[in-house]
1. May I ask you to list the residues in region 344-358 that are part of a loop (DSSP other than H, G, I, E, B) and either modelled with pLDDT under 95 or out of contact with any strand residue (DSSP E or B) (no Cβ under 8 Å at 6 or more places or on another chain) (or both)?
2. How about region 35-60: which of its residues are open to solvent by less than 50 Å² (accessible area, probe 1.4 Å) and either in a loop (DSSP other than H, G, I, E, B) or closer than 12 Å to Arg83 by Cα (or both)?
3. Among the numbered conditions (1) part of a loop (DSSP other than H, G, I, E, B); (2) closer than 23 Å to Gly223 by Cα; (3) open to solvent by less than 40 Å² (accessible area, probe 1.4 Å); (4) not acidic (Asp, Glu), tell me where Gly369 comes up short.
4. Those residues that are more than 21 Å from Leu367 (Cα to Cα), out of contact with any Lys or Arg (no Cβ under 7 Å at 6 or more places or on another chain) and small (Gly, Ala, Ser), I need them from region 107-135; list them, please.
5. Scanning region 222-263 for residues that are without any contact (Cβ under 8 Å) to a residue 40 or more places away in the chain and among the small types (Gly, Ala, Ser), which turns out nearest to Phe198 (Cα to Cα)?
6. Restricting to region 300-327, name every residue that is among the charged types (D, E, K, R), in contact with a helix residue (DSSP H, G or I) (Cβ under 9 Å, 6 or more places away or on another chain) and not in a helix (DSSP H, G or I).
7. Just to check your reading of the model, which residue among Glu378, Glu345 is open to solvent by 10 Å² or more (accessible area, probe 1.4 Å), under 30 Å from Gly222 (Cβ atoms) and not hydrophobic (A, V, I, L, M, F, W, C)?
8. Give me the pairs: first residue in region 264-286 and open to solvent by 70 Å² or more (accessible area, probe 1.4 Å), second residue among the hydroxyl-bearing types (Ser, Thr, Tyr), beta-carbon distance under 7 Å, and six or more apart or on different chains, which are they?
Amino acid sequence: MGMTMTQKILAAAAGLESVEAGQLIEAKLSLVLGNDITSPVAIREMDKMKTEGVFDKDRIALVPDHFVPNKDIKSAEHCKCVREFAKKHDITNYFEVGQMGIEHALLPEKGLTVAGDVIIGADSHTCTYGALGAFSTGVGSTDMAAGMATGKAWFKVPSAIRFNLVGKPSEYISGKDVILHIIGMIGVDGALYKSMEFVGDGIANLSMDDRFTIANMAIEAGGKNGIFPVDDLAIAYMKEHSDREYRIFEADEDAVYDEEYTIDLSTLKSTVSFPHLPENTHTIDEIEAMDDISIDQVVIGSCTNGRIDDLRAAAAILKGKKVAEGMRLIVIPATQAIYLQAMEEGILKTFIEAGGIVSTPTCGPCLGGYMGILAEGERCVSTTNRNFVGRMGHVTSEIYLASPCVAAASAIAGKIARP
């Protein structure tokens, strides 16, 4: 029986010739990731283990990003805990204020994730790195602690769903529209504990930023991970950002998939996820047939859509225009490097002249942390990844997930609008 891409990576990490869906394995880890919310819990668990140190100071990444710069005393204490742990164990890859970024944008940018890696992170959107042909998945803080101590983790080998992407997206259609379409199609548990494997000629028409977005939101369909084959674009990205050796795994021709879907990218419309689940999707055509949905706030950023392509797309729509009266437009570049590039390209000037604000890199409003909390009854169009009840503030507030293009157009119109 053939193996999928994910199964081949896990077999290699476990030192086995082959694995099959449902099999329990112990695999060696390439990288262990934690942030300012999840790492303190893992650190306390490590203290209970009474280990002498970490398995490899170069293969742990600690990125305070959720409440950084610190919003209050508690968040400051969390970051202090992580900072002191990093100093005690001489952790190479510790990034805070000044060097920081949102973890899932920062790690590929820093060259810490490459094809063939096995990566765990105490954050559900760790699946982002599948865009580079790595197996990466979110775990709990206890598993993170074990990973930091031993360099290993237990996995149940996932079965897979194959998504065959064909065609070329139309103007204004991005990776966010692709993944929202898929989640709307299969549901938030449609890929529960399965590998979402993206293949097909259409991938050549997706930028790396598109692929990061798609892999990032695999968890929103219940996926264990999302993964793309390694093509010339992915290789070029890795060579630009990393000096690490990578290893390319390809699915066998007779690999077994639970389901297979073909998606023609040329037919996709701008897609918006309505409250209160990512699967509650509507195309822009459907939305225009509804009564206007007025909004109070727009957020452009996050580990899903805070990369340079996202900012460029939004700025192109906002150039020379103003946001609607009373609109709060909050733009959050995902890393310092992206912030600097956007500044040099004049993108930040465009946002500010349009009436928006630009924040330092942070997860901030995505998880209801700070920098954009919603009041009772308020509505927000956001390029983030979740729109659960109370996710960004008051339980009666509403979050509409969309692409940067839709978000920018909506900020101008004061309602959900077509780019």
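The values are calculated or read from the model by the stated rules, or taken from the named source; none is laboratory data. Everything numeric here is computed off the predicted structure, so don't read it as measured data. We place every Cβ from the backbone using ideal geometry, glycine too, and count neighbours over all the protein chains shown. Keep in mind that these areas ignore ligands, DNA and RNA; they rest on the heavy atoms of the full protein, side chains included. Shrake-Rupley method; radii C 1.70, N 1.55, O 1.52, S 1.80 Å.
1. Of everything in region 344-358, those that are part of a loop (DSSP other than H, G, I, E, B) and either modelled with pLDDT under 95 or out of contact with any strand residue (DSSP E or B) (no Cβ under 8 Å at 6 or more places or on another chain) (or both) turn out to be Glu345, Gly346.
2. If the condition is that a residue be open to solvent by less than 50 Å² (accessible area, probe 1.4 Å) and either in a loop (DSSP other than H, G, I, E, B) or closer than 12 Å to Arg83 by Cα (or both), then Asn35, Asp36, Thr38, Ser39, Pro40, Ile43, Gly53, Val54, Asp56 are the ones that fit.
3. Gly369 satisfies every listed condition except (2).
4. Within region 107-135, Gly130, Gly133, Ala134 meet the criteria.
5. Filtering region 222-263 for residues that are without any contact (Cβ under 8 Å) to a residue 40 or more places away in the chain and among the small types (Gly, Ala, Ser), the one nearest to Phe198 (Cα to Cα) comes out as Gly222.
6. Arg307, Lys319, Lys321, Lys322
7. When all the criteria are applied, what remains is Glu378.
8. Listed by first residue and then by second, the contacts come to Lys269/Thr283.
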